[in-house]
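Following: one structure in structure tokens, then a few remarks.
The values are calculated or read from the model by the stated rules, or taken from the named source; none is laboratory data. The shown structure was predicted, so the numbers you read here are calculated from the model rather than taken from an experiment. Ideal geometry is used to build each Cβ from the backbone, glycine not excepted, and the neighbour counts take in all protein chains shown. Surface areas here come from the heavy atoms of the whole protein model, side chains and all, with no ligands, DNA or RNA. Shrake-Rupley method; radii C 1.70, N 1.55, O 1.52, S 1.80 Å.
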Amino acid sequence: MTTVDLPLLPLGRGVDPNSERGVDCPGDLPPASDPDLVARARAAKEKLGERVFVLGHHYQRDEVIQFADVTGDSFKLARDAAARPDAEYIVFCGVHFMAESADILTTDEQQVVLPDLAAGCSMADMARLQQVESAWEALEAAGIADQVVPVTYMNSSADIKAFCGRHGGVVCTSSNAETVLEWAFERGSKVMFLPDQHLGRNTAVLKLGIPLEKNVVWNPRLANGGLTAEQLQDATMILWQGHCSVHGRFSPDTVDELRAEIPGVQILVHPECQHEVVLKADLVGSTEFIIKTIAEAPAGSAWAIGTELNLVQRLANAHPDKRIVFLDRTVCYCSTMNRIDLPHLVWALESLVEGTVVNKIEVDPQTQAEATVALQRMLDLPGK
Ligand code: SF4
């Protein structure tokens, strides 16, 4: 996470997010100061033509987004990639778990490239396979594993998705978490929700009406997750102790302050935010929901948005007729998303022009098969 002190907005003034440049990578990374980077990226993309398909997540920098053939959230992008089987190369401007999902959903002939391998996701990294397997053993020891359906958020590694596939579980997105949880509770009396405790709690409590006290948090750093067998037996939701380092920053105090400062402001947040923030918000929804809500909002309306800053800035620039502010007093980008910058994109594209596939993301066949089971269960649900 990159933070820079900044007074509360307004946005749309072009704050430079380039505070963390890429890390070492094989090959010759062009310097960020190269004035020809835009022209080089354009030329490489033109040379590759239909052979390359560039995906840009909404949280990417503008300098990268301008080269995306399509933009979206992680799930939409993976599906967009799957819909382009003719594209030999999928260049994923996002983070590691997204590129893995694209590899799972595309054909074996297609190659997925992540321009900087250091673009991970701190939330996905909070649930490691070994930790999750240990937790499952504890659920077996407590005599409840056969009642538990594991549900993992899209923002998780391929091996966690595969774990869910093996254990009768499913993947969800921030758009369909409610539908997925309903599916899970038709098959078990408890859910283990990975890795984002906030999305799990917000959906369980606010959408399904599960009492807050029936949600317990499994801390992978503590013996038995820090829970007794009785607590596990009594719980309905076993929430993995993971969170997004960007969305987890928004606070209920800032919501109160903004309401006092901006008459009529509406608070619009992502469900990865803390429960206390979501309770105070006017609207809660996925990145796609946030974009649509702002696009349809009347001119003159005022919004404080709790999601990643690259997207909030882009929305502020795109809708100058509305007042759009960021729901935090500091600039807060997703630093791993920001790893993908123009030099890395140019390097990846020019390497492809030369016939070299750099930073290829490849999920092993067994993990891919098991993860596909969990993804397919989600895809088979109505509305997704
Ligand atoms: S914004 Fe949060 S969930 Fe998304 S990639 Fe960054 S750390 Fe992960």
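For LYS322, which lysines qualify as cross-link partners when the Cα separation must be under 21 Å and same-chain residues fewer than eight apart are set aside?
In chain and number order, the partners are LYS292.
Please report how far the C-alpha centroid of segment 158-196 lies from that of segment 305-384, rounded to the nearest whole angstrom.
Using only Cα atoms, the two centres lie 22 Å from each other.
Considering only ILE291, VAL331, ASN224, whose Cα is most displaced toward the positive end of the charge dipole of the chain, charges sitting on Cβ of Lys, Arg (+1) and Asp, Glu (-1)?
Comparing the listed Cα positions along the dipole, ILE291 ranks first.
Mind ranking THR173, THR107 by accessible surface for me, highest first, 1.4 Å probe?
My answer, sorted largest first, is THR107, THR173.
Which value, in Å² rounded to 10, gives the accessible area of THR330 with a 1.4 Å probe and all protein chains present?
About 30 Å², rounded to the nearest 10.
If you place +1 on the Cβ of every Lys and Arg and -1 on the Cβ of every Asp and Glu, how big does the dipole about the Cα centre of the chain come out, in debye to the nearest 20?
Once rounded to the nearest 20, the dipole reads 680 debye.
Pull up the cross-link candidates among the aspartates and glutamates for LYS161, meaning alpha carbon to alpha carbon under 12 Å and not fewer than 8 places away within one chain.
Output for LYS161: GLU100, GLU370.
What's the carbon and sulfur percent of segment 124-243's accessible surface, probe 1.4 angstrom, rounded to a whole number?
Taking all protein chains in place, segment 124-243 shows 45 percent carbon and sulfur surface.
How much length is gained on full extension from ASP380 to ASP69, taking 0.36 nm per residue of separation minus their Cα-Cα distance?
109.3 nm
Can you sort MET126, MET378 by solvent-accessible area, 1.4 Å probe, largest first?
I get MET126, MET378, largest accessible area first.
Quick check: at a probe of 1.4 Å, how many percent of the accessible area of segment 247-333 sits on carbon and sulfur atoms?
Taking all protein chains in place, segment 247-333 shows 53 percent carbon and sulfur surface.
Return the distance in nm (one decimal) between the two label points of a simple spin-label model at ARG51 and ASN219, each offset 7 Å from Cα along Cα→Cβ.
The two pseudo-label positions are separated by 5.3 nm.
For VAL246, what charge total do you get from the other residues with a beta carbon under 11 Å from its beta carbon, if Lys and Arg give +1 and Asp and Glu give -1?
-2
Within 9 Å, Cβ to Cβ, of VAL171, how many net charges do the neighbouring residues add up to if Lys/Arg are +1 and Asp/Glu are -1?
Its environment carries a net charge of +2.
Going highest first, how would you order 65-71, 95-101 by mean Cβ packing within 10 Å?
95-101, 65-71
Over the chain, consider all pairs of different Cα atoms and compute the Kirkwood hydrodynamic radius from their mean reciprocal separation; express it in Å, one decimal.
The Cα-based Kirkwood calculation yields 21.5 Å.
Mind ordering 301-308, 234-241 by average Cβ neighbours within 10 Å, highest first?
Per-residue Cβ counts within 10 Å, averaged per peptide and sorted highest first, yield 301-308, 234-241.
Contact order normalised by length for segment 247-333, with contacts defined as Cα pairs under 8 Å and 6 or more residues apart; what percent is it?
With pairs under 8 Å counted, the relative contact order is 31 percent.
Calculate how many DSSP beta bridges within the chain are antiparallel, expressed in % of all such bridges and rounded to the nearest 5.
For the chain, the DSSP antiparallel bridge percentage is about 15.
Tell me the mean residue ellipticity at 222 nm calculated for the chain from its helices only (DSSP H runs of n ≥ 4, each -39500 (n - 2.57), averaged over every residue, nearest 500).
Theoretical 222 nm ellipticity from helices: -10500 deg cm²/dmol.
Once the whole set of protein chains is in place, how much accessible area is left on PHE53, using a 1.4 Å probe, in Å² to the nearest 10?
20
Largest first, how would LEU309, LEU117 line up by accessible area (1.4 Å probe)?
LEU117, LEU309
Could you list the residues of segment 120-140 with an amide nitrogen less than 12 Å from a label point located 7 Å from the Cα of ALA229 in the Cα-to-C-beta direction?
138-140, by backbone N distance to the label point.
Under a 1.4 Å probe, what is the accessible area of the chain per residue, stated in Å²?
39
Would you kindly find the accessible area of THR336, with a 1.4 Å probe and non-protein molecules such as ligands, DNA and RNA excluded, rounding to the nearest 10 Å²?
Its accessible surface works out to 30 Å², give or take rounding.
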